[in-house]
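Just dropping this structure here.
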Amino acid sequence: MTPPSTAATARIFCIANQKGGVGKTTTAINLAAGLATHGKRVLLIDLDPQGNATMGSGIDKSTVQSNLYQVLIGEATIEQARLRSVTGGYDVLPANRELSGAEIDLVGMEDRELQLKHAIVSVRADYDFVLIDCPPTLSLLTLNGLAAAHGVIIPMQCEYFALEGLSDLVNTIKRVHHHINPELMLIGLLRVMYDPRVTLQQQVSAQLLSHFGDKVFRTVVPRNVRLAEAPSHGMPGVVYDKTSRGAQAYIAFGAEMIERVTPGKV
Ligand code: ATP
Ligand code: MG
């Protein structure tokens with residue numbers, strides 16, 4: 001008997017939080033690299049016109065031939081636009097500021113929120129994981145990400161105002177689940193840039209655990225300067241200094257994600 005087909009099995013996750021600078025891109029890059037160290041095939045989609053996930057993966061966003069913008073407006077396929085992150089060991093669908101024009105171009109299109117979902121179909125069999133680095137907005141671009149995904153990973157800092165923004169995002173996820181994508185789930189909240197010496201962070205972390213229970217990932221990513229230095233070297237922190245506490249946390253987070261997506265769980 002032939003083993004069950006693994007075609008079309010890639011699990012697709014958005015890394016999202018409409019708050020800026022909370023660690024979305026750092027999480028996207030290092031989870032991609034972390035999953036690659038566990039032998040997984042990963043595509044990282046840069047859904048942010050800032051192009052930080054592209055640059056942090058060692059790809060020059062200004063010289064790419066085609067990027068996510070052309071894919072969304074139907075002028076290129078993902079097969080044509082994807083590039084290899086040699087440093088990270090995963091593929092990247094790059095982005096640059098051209099992508100900000102997609103918001104306007106998409107508005108007049110039918111199924112404007114489903115363009116990314118449609119584009120991913122033809123490459124799903126090539127990967128175990130597709131990660132989507134969302135911009136710090138709840139825009140049409142982010143909606144394309146949420147419509148294409150099975151789940152959302154929310155990186156957050158354990159600060160007072162973090163909880164406030166969270167309810168908007170959770171409500172958006174519920175609405176998308178209800179109206180556009182019934183597969184979409186909140187996979188989990190990832191505590192990042194964590195400093196256990198700060199009492200407020202301990203308190204917010206405890207609050208998160210009591211509100212969200214096992215929706216809070218076990219892995220906690222510490223504040224670690226090696227993770228912040230890595231993008232300027234065009235590589236994930238996981239590769240730049242594998243022994244650093246930040247890198248080790250993201251490798252552990254990769255293992256936790258693999259455990260969460262075992263069949264039947266996500
Ligand atoms: P944006 O909303 O602009 O897309 P973002 O949510 O993607 O931002 P990042 O770019 O990942 O956030 O991180 C913001 C800043 O914090 C960056 O300078 C990054 O290097 C730094 N940073 C992220 N995570 C950590 C960490 N665990 N330790 C130290 N610095 C970190
Ligand atoms: Mg970012």
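The values are calculated or read from the model by the stated rules, or taken from the named source; none is laboratory data. On a predicted model such as this, the values are computed, not experimentally measured, just so you know. Heads up, the Cβs are rebuilt from the backbone with ideal geometry, glycines too, and the neighbour counts pull from every protein chain shown.
Matching residues to (1) away from ligand 1 (no atom under 16 Å from the Cβ); (2) of a type in the set (Phe, Trp, Tyr); (3) more than 16 Å from the chain's Cα centre (by Cα):
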position	(1), (2), (3)
PRO136	no, no, no
ASN171	yes, no, yes
ARG191	no, no, no
PRO196	no, no, yes
LEU209	yes, no, yes
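While we're here: Which one is surrounded by the most Cβ atoms within 10 Å (Cβ to Cβ), of the residues in region 88-106 that are in contact with a helix residue (DSSP H, G or I) (Cβ under 8 Å, 6 or more places away or on another chain) and modelled with pLDDT under 95?
The extreme case among them is ALA102.
So, one more: So, in region 37-58, exactly how many residues are away from ligand 1 (no atom under 16 Å from the Cβ) and in contact (Cβ under 8 Å) with a residue 60 or more places away in the chain?
Qualifying residue count for the region: 6.
Among the residues in region 22-41, are any within 16 Å of ligand 2 (Cβ to nearest atom), within 19 Å of LEU140 (Cα to Cα) and surrounded by fewer than 22 Cβ atoms within 10 Å (Cβ to Cβ)?
Scanning region 22-41, I find no residue that is within 16 Å of ligand 2 (Cβ to nearest atom), within 19 Å of LEU140 (Cα to Cα) and surrounded by fewer than 22 Cβ atoms within 10 Å (Cβ to Cβ), so the answer is no.
Restricting attention to region 236-266, which residues are part of a helix (DSSP H, G or I), within 14 Å of ligand 1 (Cβ to nearest atom) and either touching a His at 6+ places or on another chain (Cβ under 6 Å) or not hydrophobic (A, V, I, L, M, F, W, C) (or both)?
Of everything in region 236-266, those that are part of a helix (DSSP H, G or I), within 14 Å of ligand 1 (Cβ to nearest atom) and either touching a His at 6+ places or on another chain (Cβ under 6 Å) or not hydrophobic (A, V, I, L, M, F, W, C) (or both) turn out to be GLY237, TYR240, ARG245, GLY246, GLN248, TYR250.
In addition: Looking at (1) at pLDDT 95 or above; (2) buried (at least 16 other Cβ atoms within 10 Å of the Cβ), can you tell me which one ASP195 breaks?
It is condition (2) that ASP195 fails.
From the residues in region 54-77 that are in a loop (DSSP other than H, G, I, E, B) and among the small types (Gly, Ala, Ser), which one is farthest from ALA228 (Cα to Cα)?
GLY74
Okay, residues lined up against (1) away from ligand 1 (no atom under 16 Å from the Cβ); (2) under 20 Å from ASN181 (Cα atoms); (3) in contact (Cβ under 8 Å) with a residue 12 or more places away in the chain; (4) not aliphatic (A, V, I, L, M):
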{"residue": "ARG112", "(1), (2), (3), (4)": "yes, yes, yes, yes"}
{"residue": "HIS118", "(1), (2), (3), (4)": "yes, yes, no, yes"}
{"residue": "LEU140", "(1), (2), (3), (4)": "yes, yes, yes, no"}
{"residue": "GLY145", "(1), (2), (3), (4)": "no, yes, yes, yes"}
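Residues in region 92-105: is at least one over 19 Å from the mean Cα position of the chain (by Cα) and of a type in the set (A, V, I, L, M, F, W, C)?
Scanning region 92-105 turns up at least one residue that is over 19 Å from the mean Cα position of the chain (by Cα) and of a type in the set (A, V, I, L, M, F, W, C).
Working only within region 42-72, note down all residues that are farther than 21 Å from SER232 by Cα and surrounded by fewer than 21 Cβ atoms within 10 Å (Cβ to Cβ).
Passing the criteria: GLN65, SER66, GLN70.
Being under 19 Å from ASN17 (Cα atoms), in contact with a Lys or Arg (Cβ under 8 Å, 6 or more places away or on another chain) and not β-branched (Val, Ile, Thr), is that true of even one residue in region 223-231?
Taking every residue of region 223-231 in turn, none turns out to be under 19 Å from ASN17 (Cα atoms), in contact with a Lys or Arg (Cβ under 8 Å, 6 or more places away or on another chain) and not β-branched (Val, Ile, Thr).
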